[in-house]
Structure formats: C-alpha cells, structure tokens
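As structure tokens, the structure follows; a few thoughts come after it.
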C-alpha cells in the first residue's frame, strides 16, 4: 500500500491511481505533443506532421495557429525494475493453453510470488507479466514467456521485451522440439 499525496489515503501499489500519480510526477516536456485544430474537420493535428505541413501550404492553417499541448496517450512507465537473474526452475513446454495455467487473480499472483519469488514475474514490483504456472512446483511456462513478450511489445515496455526475448531463447522456447 502507498499513500496518495493529494488525498493522504492509502492506495494499492501498481493500481490505476498509483500509475496515474506516477505518470503525473514523471511527465516531462518530451511526454507532451504539440497539436493544432484542423479548421475543416475539428480534429487535432500534430505540429510538424505531413498533414500539418500540407494544411499550412494550402493556407488553411497559419504558422501562428494556437498550439495545444497534449500528453501521449499510453506513455510507458520509466521507473520499473526488471529482474536480471532467473533461477533454474523447470520449463513447461506442454500444448495446454497459457490461459488455463497462468495466475489470473491477484490472490493467485500473490501466492506464486510468495512461494516462488520475483523471477516468476517480468515486472515483479507490480506483479505484472507472469511467466510461471499458477500451481506448484515453481515452473516457467514457454507460452507465458511468449505471451509476456507479445504484451510487452504491445504496451512499449522495452526492457521487459528485451528480457522476455532473451529468457525465451535461454529456456529453449523459440522452437517446438516435437515438430
């Protein structure tokens, strides 16, 4: 639990409110994008984009149009720690779907973290990107590692993506040995 600086109330670490607070405190000038309104459509156009330069050349927009600063929609967190060492747990290469084996609820994730430790998550501080099965014994899951890699790439967690690709190569998850 963490204290919300604006209200003084306890909030869940890694929850939506906590992420919002982190984004506000880490917001810098490079997280903001300059945009102007397109008078024809009413939509926002990024300054310097090809559409913006086209509108300026056509005379629809002036160079001195009022600029609005907008935050990037999904700016990834900048302060997260990714584990660098992984113990030698066995690897589950079964054909069973990852959705049936992954720890989905908060309780399941806490249980796995208590029993197996931080290496079962690629973002252990927030119990995100699980790569171990929800049942004991502690065991990495190839489909979990690949799934974490896909989601990390989708949400722009570059360090998590690097580690997951390296881990999938180290654990032999890149090729299916039965085919």
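The values are calculated or read from the model by the stated rules, or taken from the named source; none is laboratory data. Because the structure is a prediction, the values reported are computed rather than measured. Cβ placement follows ideal geometry from the backbone for every residue including glycine, while neighbour counts extend to all protein chains displayed.
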### Task
From 104, 108, grab the single residue that is modelled with pLDDT of 90 or more, under 25 Å from residue 2 (Cβ atoms) and not assigned by TED's automatic domain parsing to the domain that holds residue 14.
108
### Task
Please note which strands (runs of 3 or more DSSP E) are completely contained in region 1-76 and include at least 2 residues that are at pLDDT 80 or above, touching a strand residue (DSSP E or B) at 6+ places or on another chain (Cβ under 9 Å) and surrounded by 10 or more Cβ atoms within 10 Å (Cβ to Cβ).
32-37, 44-46
#### Entry: Among the residues listed as 129, 89, the single one being over 20 Å from the mean Cα position of the chain (by Cα) and modelled with pLDDT of 85 or more
89
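Results for (1) modelled with pLDDT of 85 or more; (2) assigned to a loop (DSSP other than H, G, I, E, B); (3) surrounded by 15 or more Cβ atoms within 10 Å (Cβ to Cβ), shown as yes or no for each residue.
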residue	(1), (2), (3)
119	yes, no, yes
138	yes, yes, yes
148	yes, no, yes
156	no, yes, no
161	yes, no, yes
166	yes, no, no
169	yes, no, no
175	no, yes, no
178	no, yes, no
## Note on the structure
Here the residues within region 98-117 that are without any contact (Cβ under 8 Å) to a residue 40 or more places away in the chain, in contact with a strand residue (DSSP E or B) (Cβ under 8 Å, 6 or more places away or on another chain) and in a loop (DSSP other than H, G, I, E, B) are 103
